[in-house]
1. Jot down the per residue volume, in cubic angstrom and as a whole number, of the convex hull over the alpha-carbon atoms of region 3-74.
2. Give, in nm to one decimal, the length gained when the segment between residue 24 and residue 49 is fully stretched (0.36 nm per residue of separation minus the Cα-Cα distance).
3. For the pair residue 70 and residue 159, what calculated FRET efficiency results from E = 1/(1 + (r/R0)^6), where r is the Cβ-Cβ distance and R0 = 45 Å, to the nearest 0.05?
4. Take the alpha-carbon positions of region 89-185, form their convex hull, and give its projected area averaged over all directions (one quarter of the hull surface) in nm².
């Protein structure tokens, strides 16, 4: 077996765990994914466990369901280059640049909030997870429980997303932030400097 064959097998073997991670990250069951893709639950289960080899006919509807490009789903290393080439995603008027590649676990993003965003009154939400945010430019307003804060460049917040919260940019200039999102209340472990002995 040549190096190219071994590389291909490695890429294909990694697809199953990646599919499982994407599905779990979105909190979907195999039955829900089956309903949205038309792929049977047993086939999805075998794909995720590596017992079935992925084909283009199976990967295309899965990439669509998970809202990721096919090349990201397969994650074939183009040249071994470790640099990320993020593709911006605009959601609800905000621009997200993904700064991590692997599905599941803590995800990092650069988020751009346009001026006067959103154009509706604050609507505090709760959900499972944990969030960490560092303001790079501009100012953001954070409503968190009973707190009403204006975050400026260099300020950081970390909180459990089960506390009612809302972010907005009521100012005239865009705001940019780095954000880490953790699933199911997973805490971020951020250390600014090494511990002293």
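Where a number appears in this text, it was derived from the coordinates with a stated rule and is not lab data. Bear in mind that the values here come from a model prediction, so they are computed numbers and not experimental data. Reconstructed Cβ throughout: ideal geometry from the backbone, glycine too, with neighbour counts over all protein chains shown.
1. Considering the Cα atoms of region 3-74, their hull volume per residue is 76 Å³.
2. Going from the current span to full extension adds 7.6 nm.
3. Using R0 = 45 Å, I get an efficiency of 0.80.
4. Mean projected area for region 89-185: 5.8 nm², to one decimal.
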